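Enquirer: Sharing a structure here in structure tokens format.
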Amino acid sequence: KLDSDQLIIDAGQKQFGATNCSSCGMVYSADIPEDNFQHTQFHQRFLDSIKYVGWKKERVVAEFWDGKMILVLPDDPKYAVKKAEDVRRIADNELGFQQVTLGRPTQAKTFLFINTDRLVVGCLVAEPIRQAYRVLEQPDENKDMTKDDFMERHRAWCCSTVPEQALCGISRIWVFSLARRQGIATRMLDTVRSTFMYGSYLTKQEIAFSDPTPDGKLFATKYCNT
Ligand code: ACO
Ligand code: ZN
């Protein structure tokens with residue numbers, strides 16, 4: 001029985017095998033015309049959005065062996081603000097946010113991580129805040145998850161009802177799918193903590209993540225505990 005099941009699975013994979021585009025990262029089935037079409041539509045627009053031509057007065061806030069970080073502020077020249085918006089739109093799209101609206105647009109700081117291939121592979125939007133609600137750890141009994149628990153896990157995180165003081169809100173953090181798990185998000189946050197407020201290094205308690213996704217929660221939990 002096992003063998004025949006296996007055969008069916010293999011045949012299915014051949015026919016509808018998922019391809020992972022090595023430039024844009026989209027996972028799609030090359031054999032399904034609709035999928036192919038969607039990939040073609042997405043591919044060029046995505047690469048145009050993350051392509052970084054650079055500008056003379058860029059504000060470099062950190063340099064690494066595999067790239068650099070720049071900061072874009074709302075009053076910067078149009079081309080800089082537009083690039084930050086383009087990348088933010090890509091991130092929002094992936095996060096499932098409907099439109100690009102920031103809490104306090106005039107105070108938002110957009111940090112971009114640019115790799116050595118001149119692609120924007122990371123984006124972090126930070127805004128000044130006064131207080132935040134701490135995300136609470138999931139109780140242990142939730143680990144044996146039923147389907148309903150699974151839905152719940154994706155809907156909302158359990159938040160404390162007691163507001164705590166915080167200074168810097170991370171409203172978005174996004175790393176290009178093909179550049180994840182290389183410490184880019186970690187380095188972006190470290191840099192934000194040292195540059196967000198002039199002359200002080202923010203503690204991990206003074207930064208807060210708004211509405212974290214499952215990926216975001218895993219990352220934030222790891223980041224805040226280390
Ligand atoms: N699953 C489990 N652990 C993870 C994950 C994950 N998906 N991502 C990060 N971690 C943990 C790991 O312990 C990792 O260390 P390791 O690689 O040595 O094991 C550690 O966090 C540090 O990870 P980084 O490499 O610094 O994180 P990365 O650059 O991959 O970016 C991010 C993480 C931003 C969450 C990325 O996965 C992403 O862009 N995801 C899609 C968008 C998203 O969900 N963003 C968060 C939204 S919440 C918000 O914006 C407020
Ligand atoms: Zn592609």
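The values are calculated or read from the model by the stated rules, or taken from the named source; none is laboratory data. For clarity, every value in this text was computed on a predicted model and none was experimentally measured. Surface accessibility is based on the protein's heavy atoms, side chains included, excluding ligands, DNA and RNA. Shrake-Rupley method; radii C 1.70, N 1.55, O 1.52, S 1.80 Å.
Enquirer: Ordering SER160, SER177 by accessible area with a probe of 1.4 Å, largest first, what comes out?
Expert: Putting SER160, SER177 in descending order of accessible area: SER177, SER160.
Enquirer: Relative contact order of the range 167-226: what whole-number percent is it, with Cα pairs under 8 angstrom and at least 6 residues apart?
Expert: Answer for the range 167-226 is 45 percent.
Enquirer: A follow-up question, please. Considering only protein heavy atoms, what is the solvent-accessible area of ILE173 at a probe of 1.4 Å, reported in Å² to the nearest 10?
Expert: Accessible area, nearest 10 Å²: 40 Å².
Enquirer: Over 19 Å between Cα atoms: which of LYS83/LYS217; LYS68/LYS109; LYS57/LYS83 fall into that group? All intermediate terms of the calculation are to be shown ahead of the outcome.
Expert: Details: LYS83/LYS217 27 Å; LYS68/LYS109 16 Å; LYS57/LYS83 14 Å.
Too far apart for the 19 Å limit: LYS83/LYS217.
Enquirer: Kindly sort THR161, THR221, THR191 by accessible area of their heavy atoms, largest first, with the probe set to 1.4 Å.
Expert: So the residues, ranked largest to smallest area, are THR161, THR221, THR191.
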